[in-house]
Structure formats: C-alpha cells, structure tokens
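Read through the structure below, which is laid out as structure tokens, and then see the notes.
The values are calculated or read from the model by the stated rules, or taken from the named source; none is laboratory data. Please read all numbers here as calculations on a predicted model, not as lab measurements. Virtual Cβ from ideal backbone geometry, glycine too; neighbours counted across all protein chains shown.
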Amino acid sequence: MPDKATPAKPDKKAEEKKYEEALPSKPNIIDVEVFNQIRDMDGDDEDEGAEGGGHEFSKGIVWGFFEQAESTFEQMEEAIAAKDLPKLSGLGHFLKGSSAALGIIRVQASCEKMQHYGHLRDEEAGEPLKADEALKRIKELLEKCKADYEDAKKWMEELYEEDA
C-alpha cells in the first residue's frame, strides 16, 4: 500500500536539470554555469509567487546590465568619434567585467580585445598596433560586440519571460 505522506519538496538537482534543459539554445553566447550562479542568488524567491517566477533579484541584475551595456556602447561610439583610445580601453575593461560576471562570454571576449587595442596592443599576435589600426579594429569589433550583446539580451529576455 503506497505511503500517503506529504509530498516531498522538489529535488534541487532535478529542478536545475529541468531548468537547464528548458534554457533557450544559444551556444557560445552564455556560460550557463556562471549565469546560474547569479540565478542561485534568487534563493527561495520561487516560493513567494513573485512576478517573474521568483527571479526578481537576478532579473534586476540582468536588466541593470542591459542599461549599463547600452550606455557604454554609446560612450564607445563617442570615444571612437573622438579617437580617444585610452577611453575606449577603459570602457572595454569596464564592460568586460560586467559581462563576465553574467557569463556573457562573447561580449566579454570582444571587450577584452578592445581593452588591448585601446592600449595599442594585439595580444593574440603579440605585437603593437598603430593608433589608426587600433581604432579601425575597435570600430569593427564594436559592431560585433553589439550583435553578440543583442543575442545574449534576447536569450535572457526569453529565459525570464518563460519564468513569468
């Protein structure tokens, strides 16, 4: 005869597996392990019936990043127009850290390159760059970075929409 005890709370590992299987598929855009560390900060919000599926804390961090990234992209455009390589390096460093904290790996990688180009270095080739070449590379890289950001943003918006 089956035991009619109260149902057990869902297994955390089983929930995580179900969650990861439900994630929108976007290879090489998001490091899911890093991103899950942010989502883990939501704690027990899931039991509170909060809007957004109980992920309000992490959602706030993500939406804050969206605002920060878009503002930084505008500042980068201005710095390109002013040919201000040190500022571009600093902005690349800033956005690299923010994107790394959320696991947005393509944006992180592009920003790291921008940081080095702003210092007139091509780290992959291990050689110095001339200012006009560095500026050209940053300008091209910024377009790629924005596209990668849009992909990551769409992925995250879909994820939080599914949680709602």
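Return yes when Leu129 is surrounded by 17 or more Cβ atoms within 10 Å (Cβ to Cβ) and either within 14 Å of the chain's Cα centre (by Cα) or free of Cβ contacts under 8 Å to residues at least 40 places away in the same chain (or both) and no when it is not. Judged against the criteria, Leu129 is a match. Against the condition aliphatic (A, V, I, L, M), touching a Ser or Thr at 6+ places or on another chain (Cβ under 8 Å) and part of a helix (DSSP H, G or I), how does Leu159 come out, does it pass? No, not satisfied. For the stretch 71-90, residues that are assigned to a helix (DSSP H, G or I) and either among the polar types (S, T, N, Q) or touching a residue at least 24 places away in the same chain (Cβ under 8 Å) (or both) total 13. Looking across Gly43, Gly92, Gly53, Gly49, one residue alone is out of contact with any Phe, Trp or Tyr (no Cβ under 7 Å at 6 or more places or on another chain) and at pLDDT 95 or above. It is Gly92. Scanning the stretch 95-139 for residues that are among the acidic types (Asp, Glu) and either in a strand (DSSP E or B) or at pLDDT 95 or above (or both), we see that the one that is nearest to Phe65 (Cα to Cα) is Glu112.
For Phe66, the criteria (1) aromatic (Phe, Trp, Tyr); (2) surrounded by fewer than 16 Cβ atoms within 10 Å (Cβ to Cβ); (3) at pLDDT below 95 hold in every case but one, which is (3).
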